[in-house]
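As structure tokens, the structure follows; a few thoughts come after it.
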């Protein structure tokens, strides 16, 4: 036997911030911007229902939808209730790349806690990666009233545009799924009123 032995291939990175990446295909649950701009390749997408959590504007945005001086708000998952969104199935060979992309996008401040949660996709029940708001984080917006939430969204603007566009896109894609989120629609009505008053 001659020559050097081949270098062993590095083990894939299976743990990120304590999150153990499951083997095989991966489902990802989108409930906000991931619904209209997932930013990754997927095999399948389908309407999905997550029980035990609800979407809420509970994360301060100091960059993409606001600034440090005038923060905006983006969505997170809070405990309680239920949330309808979109589930994406990622092929096994795309999982490592997708995790990297999601971490760059969703986890720079570590304001979310990545969790594998059970979601209903039609008659099927699957475990999907979802980004849950961390109530201990400095960017967590706790106990905001609807008026204060509307004020922040009406005035927030960041690198990805006005905060109101984020709210509008969420509502639009929920309607495409046949979902009417009355709380978000009421919030959007308040935001429109504040913006019209500001222009006047």
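The values are calculated or read from the model by the stated rules, or taken from the named source; none is laboratory data. For clarity, every value in this text was computed on a predicted model and none was experimentally measured. Here the Cβ is made from the backbone with ideal geometry for all residues, glycine too, and neighbour counts use every protein chain on show.
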Determine which single condition residue 83 fails, assuming it passes every other condition in (1) in contact with a strand residue (DSSP E or B) (Cβ under 7 Å, 6 or more places away or on another chain); (2) more than 17 Å from residue 33 (Cα to Cα); (3) without any contact (Cβ under 8 Å) to a residue 60 or more places away in the chain.
(2)
Residues to consider are 81, 122, 52, 161; find the one that is at positive phi, surrounded by fewer than 21 Cβ atoms within 10 Å (Cβ to Cβ) and at pLDDT below 95.
122
Looking for something assigned to a strand (DSSP E or B) and surrounded by fewer than 20 Cβ atoms within 10 Å (Cβ to Cβ) - is there at least one such residue anywhere in the stretch 62-72?
no
Positions within the stretch 26-48 being surrounded by fewer than 17 Cβ atoms within 10 Å (Cβ to Cβ) and either under 17 Å from residue 187 (Cβ atoms) or touching a strand residue (DSSP E or B) at 6+ places or on another chain (Cβ under 6 Å) (or both), in sequence order:
43, 44, 45, 46
